[in-house]
Amino acid sequence: MESRCTSVLRSHARNNRGAEVFEIRYQCTLHATPSRVYDALTDQSHVAKWWTPDCTLEDRVGGHATFEFKAADGTLDGYSLMRIEKLVPAALVEWACIEQDYQGNNDWIGTTVRFHLTQNAQQGTDLDFSHSGWKTTDGTFHRCTDGWRHVIGTSLKNYLEIGKGEPYLAHLAKETSARKAS
């Protein structure tokens, strides 16, 4: 099974009121069953290994998930509080951002993060990921576009396929080391 992860960025969608909204979207083939991918998205112990070690997730629709992003010195870079909107085992995970701050930006509030899973012919999973409902591309939109590329296409993918993700702090350390080396 060929491994692939591509971006599909739509920046001129319209919401149901006709206002322009923006979306970050990635499509990725994962060498893992939809059940394993679903567990990696919904189980706190798994999410800690590919997104951020500082997270809490309730396992029910209407519950909440909190993701904190801490710097190496332990200070808080940011956090997101999500309401769990949809959970369909081995098929769909959807969160609505209800509270957020990342270094003074709160542009995730009102956005939706969605993971749609489909089993492919090779018994792996085709993941269609979207972070939609952005009101503007100012703020953290472009940083998050790159961030989600890493989170989905590298960290989650590697966690599922080789057992080792690159959650937030590990990724920051790798970026810092690469900058110092160049």
> Residues that are at pLDDT 95 or above and either touching a strand residue (DSSP E or B) at 6+ places or on another chain (Cβ under 6 Å) or surrounded by 14 or more Cβ atoms within 10 Å (Cβ to Cβ) (or both): which helices (runs of 4 or more DSSP H) entirely in segment 92-182 hold 3 or more of them?
Replying inline: 157-162
>> Among the numbered criteria (1) modelled with pLDDT under 95; (2) buried (at least 16 other Cβ atoms within 10 Å of the Cβ); (3) within 23 Å of K157 (Cα to Cα), which one does D59 miss?
In response: (2)
> If you take the residues in segment 29-56 that are part of a helix (DSSP H, G or I) and of a type in the set (S, T, N, Q), which one is surrounded by the most Cβ atoms within 10 Å (Cβ to Cβ)?
Replying inline: T42
> How many residues does segment 62-75 hold that are farther than 12 Å from E94 by Cα, surrounded by 16 or more Cβ atoms within 10 Å (Cβ to Cβ), among the hydrophobic types (A, V, I, L, M, F, W, C) and in contact (Cβ under 8 Å) with a residue 24 or more places away in the chain?
Replying inline: 1
> What's the number of the condition A48 fails, among (1) modelled with pLDDT of 95 or more; (2) under 21 Å from L92 (Cβ atoms)?
Replying inline: (2)
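The values are calculated or read from the model by the stated rules, or taken from the named source; none is laboratory data. Note that the coordinates shown come from a computational prediction; the quantities given were computed from them, not determined experimentally. Note: ideal-geometry Cβ built from the backbone for every residue, glycine included; neighbour counts use all protein chains shown.
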